[in-house]
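Accompanying notes for the structure given below.
The values are calculated or read from the model by the stated rules, or taken from the named source; none is laboratory data. Just so it is clear, the structure is predicted and the values come from calculations on it, not from any experiment. Neighbour counts run over all protein chains shown; Cβ positions are idealised from the backbone, glycine included.
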Amino acid sequence: MAISSQLSSDGQELTISIQGRFDFSLHQAFRDAYERADIRPRRYVIDLEGTNYLDSSALGMLLLLRDYAGGDDALISLINCNPDVRKILGISNFGQLFQIS
Amino acid sequence: MASDRLVVLIAEDSPADRMLLSTIVAREGHRVLTAANGLEAVALFEQERPQLVLMDALMPVMDGFEAARRIKQMAGEALVPVIFLTSLTESEALVRCLEAGGDDFLAKPYNRVILVAKIKAMERLRRLQATVLEQRDLIARHNEHLLSEQRVAKAVFDKVAHSGCLDAPNIRYLQSPHALFNGDLLLAAYNPSGDMYVLLGDFTGHGLPAAIGAMPLAEVFYGMAAKGHSMPEILREMNAKLKRILPVGVFCCATLASVSFQRRTLKVWNGGLPDGYLLRADGSREPLVSRHLPLGVLDAEDFDERCEVFPMAPGDRLFLLSDGVLEAENADHQLFGEQRLLAVFDANRQPQRLFDEILTAVERFRGRAQDDLSMIEVGMMDVGMLSSAPVPFVDTGQQGPLDWSASFEFRAESLRSFNPLPFLLQLLLEVRGLRGQGGALYSVLAELYSNALEHGVMELDSSLKRDAAGFSRYYRERGERLACLEHGFVRFHLQVRGDQQGGRLELGVEDSGKGFDVARVLAEQERLDGFCGRGLSLVRALSKRCAWERGGTLARAEFHW
């Protein structure tokens, strides 16, 4: 499974892990991971440890999540970015919208 | 079950076997055609187009092998299963059946149960093949439809986003014909004073969604560039427009650059595209780094339109590329990447070969050519080597107002955020006699305005611009001082008078600054040819009479027609 998600035990934080290429083919699976009626997390963590590439539609999907999670009030961090992924996020200056580590 | 009812051709030279087979097949509800030899079978096939054939291998006149070959040929792409009826048992003979196009065998003597089962199995295969063909044709039709839609869309788009001045002698560019539907966009235009604006954009995604935002973006770009709006204003408008019309998650990575041939400067804003480069004549290069989020992501109030300014000498080139180059991927999922690109730059000896060398390097890396790359290179040239851009204006054939005057005063708060030049140009171009010299008029207005604002109101020292480091400091300081400007004004005085031959515009630009030693500065400017000092000689060259009064706080220039 390229995308898996896990809710913290207190229900406050949703971690979505992405394996392999993060591109348009994951569009629906990525949405399904957070658009769930049964949860209302306050923070989102996107774990990119297993992600070796992301394209501009992946950036678009991150913006959709941000919008869903409250826009400017959204708390979303992108963690475990490898240098290639970090570079792509850097070029797009997504650090202004997401916490990247 | 009408849909299961087949027309089955039985070719068998023994009347008894023919009868037996016909009975079995007919009892299953199929319609039966019979032939006594291969030739009859071929003729019947041509006439009746049965869906399945039971073919005896050995028959007089024409044997089953030849008949099967001909029937298969006539059937073309459609699958007409041929089941050979044979008492042959040597493997060689069975192989011959298959080679002739047979799909299966049935050994004599006939077993009813097996025959019926084989007919059913073949029917499944036949239907599968028919479905595949049907879907293939459907896909082909859809694809053709899509391509023709794209052609129409492209034709409309080309009218709106015409190639602008991409054919100017100092521009080289490369763009695939599918660029629009890859979301790539390349635009170039002159502003009224002959500065060149270039936009390289890359929308998220592919296909129609990627192309759809290109049109409004192109309209804003061409419209505002032609009216003399500044880069920050164009950027703001483009961002606001895309933010308004595009769904969340769709945006445009873009670099907007303006090259001023008069001031010998390059101004760049990069939001989300890979580094562009300012390639210096001496072989050094300056990266033009993405410092902003792409267009269409941020709300207007959060958008940052700050640009970087670089001195640009003749022989220097601006180079921009889309991410297609860096993200070209080889069979091992490695990306071409920045290091390989820089190696191509380093190895380059003839500037005009650079594009080809990049393409070759990418092709060698991937093992095949890549067709979705966009690149553009803009060279610095001497003013006058470029055909100046006509200022767009619909000529109504009327003279326009010929006897009027007006004065405007723009105070600190307005100066901070408002660019009065497009507005003033629009007003002055109501006068028909001035339309032919819109470019010169705009250049002079722009020059006198920036002098008044930068040296007069904000007291910036133009001698800072002597070298490259001071140059960037100058523009940094300009930005900082402007952002917190509290006092001061710039006034424009316009006086238009007509006479028998034509008319004249008397233009005055006045500022709240301390003025300057006119005689000394003008004399100095004659000698200087650094990054500064171009402005005043330009004004003198473009306008009829120009002079400075009131200790340098009021500049006057005239235009005649």
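Things to note:
- Among the conditions (1) surrounded by fewer than 17 Cβ atoms within 10 Å (Cβ to Cβ); (2) under 16 Å from residue B:492 (Cα atoms); (3) in contact with an Asp or Glu (Cβ under 8 Å, 6 or more places away or on another chain), the only one that residue B:409 does not satisfy is (3).
- Number of the condition not met by residue A:18 [criteria: (1) farther than 24 Å from residue B:294 by Cβ; (2) more than 14 Å from chain B (Cβ to nearest Cβ)]: (1)
- As a summary of the residue check, residue B:73 satisfies the conditions (1) surrounded by fewer than 19 Cβ atoms within 10 Å (Cβ to Cβ); (2) assigned to a strand (DSSP E or B) except for the one numbered (2).
- For the stretch B:18-42, filtered to residues that are among the aliphatic types (A, V, I, L, M) and exposed (fewer than 14 other Cβ atoms within 10 Å of the Cβ), the residue that is nearest to the chain's Cα centre (by Cα) is B:26.
- Checking each residue in the stretch B:101-128 for being under 56 Å from the mean Cα position of the chain (by Cα) and among the small types (Gly, Ala, Ser) picks out B:101, B:102, B:121.
- Of the helices (runs of 4 or more DSSP H) lying entirely inside the stretch B:432-516, those carrying at least 1 residues that are at pLDDT 85 or above, of a type in the set (Asp, Glu) and exposed (fewer than 15 other Cβ atoms within 10 Å of the Cβ) are B:468-483.
- The set of residues in the stretch B:538-555 being in contact with a helix residue (DSSP H, G or I) (Cβ under 6 Å, 6 or more places away or on another chain) and hydroxyl-bearing (Ser, Thr, Tyr) consists of B:543 alone.
- Matching residues, the stretch A:70-101, being within 13 Å of another protein chain (Cβ to nearest Cβ), outside any loop (DSSP other than H, G, I, E, B) and crowded, with 19+ Cβ neighbours inside 10 Å: A:85, A:88, A:89, A:91, A:94
- Residues located in the stretch B:316-335, provided they are modelled with pLDDT under 90 and either of a type outside the set (S, T, N, Q) or buried (at least 17 other Cβ atoms within 10 Å of the Cβ) (or both): B:322, B:323, B:324, B:325, B:326, B:327, B:328, B:329, B:331, B:332, B:333, B:335
- Residue in the stretch B:547-555 that is buried (at least 20 other Cβ atoms within 10 Å of the Cβ), in a strand (DSSP E or B) and either outside the structural domain of residue B:422 (by TED's automatic domain parsing) or at pLDDT 90 or above (or both) present: yes
- Residue in the stretch B:512-520 that is free of Cβ contacts under 8 Å to residues at least 12 places away in the same chain and assigned by TED's automatic domain parsing to the domain that holds residue B:556 present: yes
- Residue within the stretch B:164-179 that is more than 23 Å from residue B:425 (Cα to Cα) and within 14 Å of chain A (Cβ to nearest Cβ) present: no
- Of residues in the stretch B:275-304 being closer than 30 Å to residue B:382 by Cβ and in contact (Cβ under 8 Å) with a residue 40 or more places away in the chain, the one farthest from the other protein chains (Cβ to nearest Cβ): B:279
- Qualifying residue in the stretch B:303-313 (condition: among the aromatic types (Phe, Trp, Tyr) and under 21 Å from the mean Cα position of the chain (by Cα)): no
- Within the stretch A:35-54, the set of residues being surrounded by 18 or more Cβ atoms within 10 Å (Cβ to Cβ) and either within 14 Å of chain B (Cβ to nearest Cβ) or under 13 Å from the mean Cα position of the chain (by Cα) (or both) comprises A:44, A:45, A:46, A:47, A:48, A:51, A:54.
- Per the conditions (1) surrounded by 21 or more Cβ atoms within 10 Å (Cβ to Cβ); (2) within 21 Å of residue A:93 (Cα to Cα), the sole criterion not satisfied by residue B:258 is (2).
- All of B:174, B:187 fail the test of being outside any helix (DSSP H, G or I), within 17 Å of residue B:213 (Cβ to Cβ) and not assigned by TED's automatic domain parsing to the domain that holds residue B:422, apart from B:187.
- Leading residue by the ranking (farthest from the other protein chains (Cβ to nearest Cβ)) among those in the stretch B:317-351 that are charged (D, E, K, R) and in contact (Cβ under 8 Å) with a residue 40 or more places away in the chain: B:317
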